[in-house]
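Everything on this sheet refers to the single structure shown next.
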Amino acid sequence: MNTQSRAVSNTTSGTTTVLERMRPADVEQVLKAEQQIHAHPWSEGNFKDSLASGYEAWVLRQLKGEMLGYLVMQHAVDEAHVLNVAVVATQQGKGWGASLLNQATGIAKENGMDSLLLEVRPSNARALALYRHYGFVQIGIRKNYYPTGATEREDAIVMRLVL
């Protein structure tokens, strides 16, 4: 397996998938999924800037090509910061989030990182449960981090996983 793709096996479904580096050609499909998943999605520019900056950006697909989710991660000294991890709406609850986290931890370890850091909305109960089950622990709060409306904001829970 080269650095452009990685074989992934989902133990929940028994399905073999492939994790491929996100390419500029993937951004349209990723953006469409992002807009279906989140009330306040990343913009096309956020994804393109991440690719241009050389961040770890990956797309999880079934072998037949259907996109299941995606991951964007930045390395900072000895810590990897998960900037965006998401499973397409129709595939949520099937173990793909854990598969993406497995890949994030593997990539981080391969790059000499000691931990993973991420932020999550307190209102995102499903993601919080997944992160806690996976072993992430809360290390702080970022006040008024996420937009929730035209003028309203929501705090972010900052979580870390020691690798």
Computed lengthening from residue 144 to residue 158, 0.36 nm per intervening residue step minus Cα-Cα distance: 3.8 nm
Surface accessible to a 1.4 Å probe, per residue, for the residues of the chain, Å²: 52
Cα shape, region 82-163, gyration tensor, a/c 1.5 rule: oblate
Assigned charges on the beta-carbon of Lys, Arg, Asp, Glu; region 70-145 dipole about Cα centre (debye): 420
Relative contact order [Cα under 8 Å, 6+ residues apart], the chain, whole percent: 17
Residue-level accessible surface for residue 141, protein heavy atoms, 1.4 Å, Å²: 80
Derived scalar couplings ³J(HN,Hα) [region 42-49; Karplus, 6.51 cos²θ - 1.76 cosθ + 1.60; whole Hz; x for Gly, Pro]: 4, 8, 4, x, 4, 5, 5, 5
Largest-first principal axis extents, alpha carbons of the chain, Å: 43, 32, 32
The chain - charge dipole about Cα centre, Lys and Arg +1 at Cβ, Asp and Glu -1, debye rounded to 20: 360
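In whole percent, and with a 1.4 Å probe on the protein chains, what portion of the accessible area of the chain is carbon and sulfur?
Values: 4080 of 8490 Å².
On the chain, the fraction of accessible area on carbon and sulfur atoms equals 48 percent.
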Candidates 29, 62, 74: whichever shows maximal mean-square fluctuation once the chain is modelled as a Gaussian network with Cα springs under 10 Å: 29
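The values are calculated or read from the model by the stated rules, or taken from the named source; none is laboratory data. Keep in mind the model is a prediction, meaning the values are calculated, not measured. A quick note on method: Cβ atoms are made from the backbone with ideal geometry, for glycine too, and the neighbour counts reach across all protein chains shown. These area figures cover heavy atoms from the full protein model, side chains too; ligands, DNA and RNA do not enter into them. Shrake-Rupley method; radii C 1.70, N 1.55, O 1.52, S 1.80 Å.
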